[in-house]
Amino acid sequence: MKTPPFAYAAPDSIEEVLALLAEHGDEAKIIAGGQSLVPMLAMRLARPAQLVDVTRVAALGGIEDGGGFVAFGATARERDAERSALVAERLPVLAEALPHIGHVAIRNRGTIGGSIAHADASAELPAVAVVTDAEMVVRGPAGERVVPADGFFRGHFTTALAGDEFLVEVRVPVAEPTSGWSFQEVARRHGDFALVGAAAMVALGGDGAIDESRICLFGVGDRPVRAPEAEAALVGTPASADAFAAAAAAAVADLEPAADTHGSRAYKQHLAGVVVRRALTAAAERAGGSS
């Protein structure tokens, strides 16, 4: 299928990007890797009059160690993050999530910032951003602002970005040495969109009880979903199969995933409970630095 007609610009600086967004308003759309936007254009699900290609903006690239966080320029490629020793060492939950994104050809072109800004409720990177309490650095005509992940995603393909703003960097806090992690998803085939998925992080105390837990589900609503009540209930309890089964049941109790050709609401809710339990179990096993 052919895309609808559009004008194209490839600016060299952040200032030029902002000027184009200010000029074209809601008719402008940022493109980086294009792995989500180009199919939407071909299917006429998106009809921007102006594409703004940010891949030539050098300031938007790179993966850097920020001390307590790893900073990803918005145009950093998913495949580069997947191959990064820094990511593997300091952000293991992200390292585990990356291979689930499409196929290698997709990750060669797809960008970290593009996936976050696209805000697909079934995508892996928004869920990782939420479970790690990542921060999004946004630029607009009024300057720079930082938006926490739990306030960035507003709904299906909807974020806190204003029409004259764009995402320039994603800051993901590094994992504590004593925390365990896991990323789990269920898909019909590898590379397909996840039917449901979960990311979990667990920290254990010296007595083996849970000091902290984080649970984020995706593919079950219009954005990544944290489970604060289930997280809180785990704190202070021994890491056990019974505790994780109870937490999984609590995490999915109020979910209302949309039924589709791949499964009913009840089926997806059941799968969500399964992946939460698996994720918590694996995270607890890895807690304390073991892998």
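Laboratory data are not the source of any read-out in this text; all were calculated from the coordinates shown. All values derive from a computational prediction rather than experimental measurement. Note: ideal-geometry Cβ built from the backbone for every residue, glycine included; neighbour counts use all protein chains shown.
Please arrange 112, 14 by how many other C-beta atoms lie within 10 Å of their C-beta, fewest to most.
On the way: 112 28, 14 17.
The most exposed by this proxy come first: 14, 112.
Can you work out the FRET efficiency for the pair residue 12 and residue 64, with r the C-beta to C-beta distance and R0 = 25 Å, to the nearest 0.05?
Numbers: r = 21 Å, r/R0 = 0.83.
For residue 12 and residue 64, the calculated efficiency is 0.75.
Which ordering of 159, 132, 178 is given by a fewest-first count of other beta-carbon atoms within 10 Å? Mind showing how you got there, number by number?
Numbers: 159 21, 132 24, 178 15.
With the fewest neighbours first, 159, 132, 178 line up as 178, 159, 132.
Taking neighbour Cβ counts within 10 Å as the exposure measure, how do 222, 260, 164 sort from fewest upward? Walk me through the intermediate numbers first.
Details: 222 14, 260 10, 164 19.
In order of increasing Cβ crowding within 10 Å: 260, 222, 164.
Among 188, 154, 56, which one shows the highest mean-square fluctuation when the chain is modelled as a Gaussian network with alpha-carbon springs under 10 Å?
Between 188, 154, 56, it is 188 that shows the largest mean-square fluctuation.
If one takes the longest principal axis of the Cα atoms in the chain, at what angle in degrees, from 0 to 90 and to the nearest 10, does the Cα axis of helix 14-24 lie?
70 degrees
Taking the structure as given and computing semi-axes √(5λ) of the Cα gyration tensor in Å, which label from (i) 40, 29, 16; (ii) 34, 21, 16; (iii) 112, 30, 13 fits?
Matching the structure shown: (ii).
Once you keep just the Cα pairs under 8 angstrom separated by 6 or more residues, what percentage relative contact order results for the chain?
On the way: 653 pairs, mean separation 44.6, N = 291.
Rounded, it is 15 percent for the chain.
Can you tell me the length gained on complete extension of the stretch residue 241 to residue 88, counting 0.36 nm per residue apart and subtracting the Cα distance? Can you show the working numbers first?
Working: separation 153, 0.36 × 153 = 55.08 nm, distance 2.76 nm.
Separation in residues times 0.36 nm, less the Cα-Cα distance, equals 52.3 nm.
Cα axis of helix 265-286 to longest principal axis of the chain: angle in degrees, 0 to 90, nearest 10?
With rounding to tens, the tilt is 70 degrees.
What does the charge count near residue 144 come to, summing +1 for each Lys or Arg and -1 for each Asp or Glu among other residues with Cβ under 14 Å from its Cβ? Walk me through the numbers before you get to the answer.
Details: positive: 139, 145, 171; negative: 15, 135, 164, 165, 169.
Taking every other residue near residue 144 into account, the sum is -2.
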